[in-house]
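The structure under discussion appears below in the form of structure tokens.
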Amino acid sequence: MPEISDSQLYKNLKEYFGYSEFRQQQKEIITAIFKGNDNLVIMPTGGGKSICYQLPATLLNGLTLVISPLIALMKDQVDGLRANGIGAAFINSSQAAEDQHAIFNAILTNEIKLLYVAPESLSQLEGILNQTTLSLIAIDEAHCISAWGHDFRPAYTQLGFLKNRFPHTPIIALTATADKATREDISKQLNLNHPTLHLSSFDRPNLSLSVRPGIDRVKKILEFVDDHPNDSGIIYCLSRKTTENLAEKLDSAGFKAKAYHAGLGHHVREQVQNEFINDQLQIVCATVAFGMGIDKSNVRWVIHYNLPKNIEGYYQEIGRAGRDGVPSETILFHSYADVVQLQQFATKSGNTEVQLAKLDRMQQYADALSCRRKVLLSYFGELPEKDCGNCDVCKHPPTFFDGTILAQKALSTIARVKQNEPLATIIDILRGAQNATILDKGFTQISTYGIGNDVSWKHWQQYIIQLINQGAIEIAFHEKNHLKLTPIAKKILFEKQTVNLAKIIEKAALKTAAKKEISVKKSTDLFERLRLLRLKLSREEEIPAYQIFSDASLKEMEQARPMTDDEFIQISGVGKKKMQDYGHDFISEIIAFHKEKNTSKKAKKEPTYITSANLFKNGLSIADIVLERKIAETTILSHLCKAYEMDKSIALEKLIDPVDLKAIEKAKTALENPNALRPYFEYFKEEMPYSTIRIGLAILSN
């Protein structure tokens, strides 16, 4: 291997990738490669794994071979490298023979420095590998080789031959998540020669962590997305049917959302992924089949509709948010129904004991009443001293109270039904319900019947879950989820052991706090203009917007406001080629913004909804106004409804079918709460879009 100086490393880092400094452990890993060492790199998603082999490739004489699991991942990385001025290509079985021949010729003339290939397609490279110098082998998503990992792929098991065939070529194996057993298995199966282990911190401080009860999930998601109208996000679901149902509900509510799962045709999945990558689709509702290795840096939030089956998978999935380092949100909805389903999946797996143990750790994270980041990082062997301040528990620390009486009521009820009923029935007894189950089984005669009717159903559910977490109650999953008492329960009932329970934080308070945070995060006008310029250029060049510049780079431009080439090249993420390709456009936009800001400081700004209304009155269609104002259609319609309250001459009736208007008028007289939108949406069986309902109600308010 050639000797490389620090000055050469930093020169190529800035020229090709636009950075002036290395991130954690990158330089150490690259230095080890140039020493000829094999390397095993465990670095979190968004930590900068790719540069660890892409930068050396720009300095090595021969070819860097990259093993990657998915075609979409390969294409994404190759497009990004080319945008940075680095020769790269990928090989797969769908390519025409002449296209592959052209790639092989480019390798022989040293025009291509990195070649990406899936393990299944390695056999197609026999000829070219005999004719070129293989300087480095990179194996991405290396956990796929291990049955102990969370995403085992049998095709990866053939990769052990690479070290035997190319014994003097260093191998770098990379993954975002791998526990000790998985790390050892990766090294063994790849035949790595005393690999140097690089274990980076798993902490992603820009990601907020939040866990919420799995009650009214759809409603909560709609509220969340409504508060993040311009942000890209992923919602992970356990079943294919849930992805489709949720995508339909989001779409009906006016958001651009689609489902993604393995049951869809290849063309459909590819289209959804491409639309999401290119910012044509805001939300993807997906099974875990979506997102592996995609470098889309501007995903601002990730929601888990269901509890994941293990912490490794959960960590990798939330890592797809905020890869650019910009603050991003993650939310996990948690219910015991998910636990039951996942336990059933685990019992059908090849290593049941391991999978159940990992599920237990995932459940412990979801149930935590202390800093969640500490719980998460401890799984990977990190023990931070301080709480993170960026999870729901840190932001809204629980207030505990003496819940002994409540606990005794619940435990006594479980005892009186002989520990043969599930959680829901116990709560119904406590609250004095009169449903079929309670009446048929004669539970109205139990002495604790109705003893807890002063506590809401949802609060009882949370208190009993806390008792489960404290070890006073167990769930017998193999006995229809019946609740069982433990020795701790007997101490509470008969030995005066006290119980501290956490007060339930009301949803309204959480939402207020969340909205306060969102208002702080809102971008200035300049960031939005730079974002739209980036989107325009990406459409013209048919590449993802984030491959031009990340949100982090745009935010730095927003703050620094560079107006010369020398100032612009100092922005993180601006390399030589991107300076040449985009510098003029972005500098011109910043200068124009600066001039407009100075000349309009004294001008009174017209309310934004009036601007939309005037454009509509002047004959522009809704689609035209969206293009003119560059804001969402749902926002435009909201503007028109608001303006209509003061100016009835606005022809809102053009935007609604008379049949729909008549139906809304009928619903208005039938509903108990005709002032809220959600009752109408449910009245029409979620088939009439919110936008149509808003327009109809605005007209009927006259």
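Determine by what factor the alpha-carbon radius of gyration of region 6-199 differs from 2.2 N^0.38 Å, reporting the quotient.
0.96
Say R0 is 35 Å: what FRET efficiency, to the nearest 0.05, do Ser701 and Glu275 get from their beta-carbon distance?
The calculated FRET efficiency here is 0.45.
List the relative contact order of the chain as a percent without decimals, with contacts defined as Cα pairs under 8 Å and 6+ residues apart.
Taking the mean separation of contacting Cα pairs over the length of the chain, I get 12 percent.
Return the long-range amide H neighbours of Gly87 (sequence gap of 5 or more, or a different chain), with a cut-off of under 5 Å between placed amide H atoms.
When sequence neighbours closer than 5 places are left aside, the close amide H contacts are Lys113.
At a Förster distance of 60 Å, what's the computed FRET efficiency of Asn164 paired with Leu439, Cβ-Cβ distance as r, to 0.05?
Here the calculated transfer efficiency is 0.25.
Read phi for every residue in region 526-537 and hand back ³J(HN,Hα) as whole Hz from Karplus 6.51 cos²θ - 1.76 cosθ + 1.60, θ = phi - 60°, with x for Gly and Pro.
Computed from phi, the couplings for region 526-537 are 5, 4, 5, 5, 5, 5, 5, 4, 4, 5, 4, 5 Hz.
Given labels modelled 7 Å from the Cα in the Cβ direction, how far is it in nm from Asn193 to Ser5?
Between Asn193 and Ser5, the simple spin-label model gives 2.9 nm.
Where does region 83-153 land on Rg/Rh, using Cα atoms and the Kirkwood Rh?
In region 83-153, Rg relative to Rh is 1.01.
May I ask you to list the lysines whose Cα is less than 16 Å away from that of Lys666, ignoring any residue fewer than eight positions away on the same chain?
Lys685
Too long at a 29 Å Cα-Cα cut-off: which of Lys219/Lys555; Lys75/Lys219; Lys536/Lys576; Lys536/Lys597?
Lys219/Lys555; Lys75/Lys219, as the Cα separations exceed 29 Å there.
Among the listed pairs Lys49/Lys188; Lys14/Lys577; Lys256/Lys654, give every one whose C-alpha distance is greater than 18 Å.
Where the Cα-Cα span goes over 18 Å, the pairs concerned are Lys49/Lys188; Lys256/Lys654.
Starting from the alpha-carbon convex hull of region 581-672, give the projected area averaged over all orientations, in nm².
Here the figure is 9.7 nm², rounded to one decimal.
Can you list the lysines whose alpha carbon sits under 19 Å from that of Lys309, skipping same-chain ones fewer than 8 residues off?
Result set, ordered by chain and number: Lys180, Lys241, Lys348, Lys358.
Can you run phi through the Karplus equation (6.51, -1.76, 1.60; θ = phi - 60°) for region 169-186 and list ³J(HN,Hα) in whole Hz, with x for Gly and Pro?
8, x, 10, 10, 9, 10, 7, 7, 9, 6, 6, 4, 4, 5, 4, 5, 5, 4
For Val340 paired with Asp226, estimate the spin-label separation in nm (one decimal), with each label point 7 Å from Cα along the Cα-to-Cβ line.
With each label point 7 Å from Cα toward Cβ, the separation is 3.1 nm.
Between Arg629 and Ala651, 0.36 nm times their residue separation minus their Cα-Cα distance comes to what?
Gain in length upon complete extension: 6.0 nm.
Kirkwood-based Rg over Rh for region 2-96 (C-alpha set), two decimals?
The Rg/Rh ratio comes out at 0.95.
If packing is taken as the average count of other Cβ atoms within 10 Å, what order do 175-182, 381-388 fall into, highest mean first?
175-182, 381-388
Give me the distance in nm between label points sitting 7 Å out from Cα along the Cα-to-Cβ direction at Glu542 and Glu682, one decimal.
Using points 7 Å along Cα→Cβ, the separation is 4.8 nm.
For Glu21 and Asp251, calculate 0.36 nm times their separation in residues minus their Cα-Cα distance, and state this gained length in nm to one decimal.
78.6 nm
For Val299, which sequence-distant residues (separation of 5 or more, or a different chain) have an amide H within less than 5 Å of its own amide H, given hydrogens modelled in the peptide plane?
Under 5 Å from the amide H of Val299: Gly322, Arg323.
Ratio of Rg to Rh for region 523-599, alpha carbon only, Kirkwood?
In region 523-599, Rg relative to Rh is 0.93.
How large is the charge dipole for the chain, taken about the Cα centre, if only the Cβ atoms of Lys, Arg (+1) and Asp, Glu (-1) carry charge, to the nearest 20 debye?
That gives the chain a dipole magnitude of about 1720 debye.
Set the Förster distance to 30 Å, then compute FRET efficiency between Val354 and Lys484 from the Cβ-Cβ distance, nearest 0.05.
That gives a FRET efficiency of 0.75.
What is the order of Ile145, Ile622, fewest Cβ neighbours within 10 Å to most?
Fewest-to-most ranking of Ile145, Ile622: Ile622, Ile145.
Using the Karplus equation 6.51 cos²θ - 1.76 cosθ + 1.60 (θ = phi - 60°), what ³J(HN,Hα) coupling, rounded to whole Hz, does each residue of region 38-50 give in order, writing x for Gly and Pro?
6, 9, 10, 10, 10, 9, x, 3, x, x, x, 5, 4
Quick one: Cα convex hull volume of the chain, Å³ per residue?
195
Binning at 10 Å from 0, report for region 207-395 what percent of all alpha-carbon pair distances ends up in each bin.
9, 37, 37, 16, 1
Quick check: the distance between the Cα centres of region 417-485 and region 650-685, to the nearest angstrom?
40
Taking amide H positions as placed in the peptide plane 1.01 Å from N, state which residues far from Ile235 in sequence (5 or more) or on other chains have amide H under 5 Å from it.
Amide H to amide H, under 5 Å and 5 or more residues apart or across chains, Ile235 pairs with Val284, Cys285, Ala286, Ile303.
Return the whole-Å distance between the Cα centroid of region 156-200 and the Cα centroid of region 30-67.
Centre-to-centre (Cα) distance: 13 Å.
None of the figures in this text is laboratory data; all of them are computed from the coordinates on show. Since this is a predicted model, take the numbers as computed values, not measurements. As a convention, Cβ positions derive from the backbone with ideal geometry for all residues, glycine included, and neighbour counts pool all protein chains shown.
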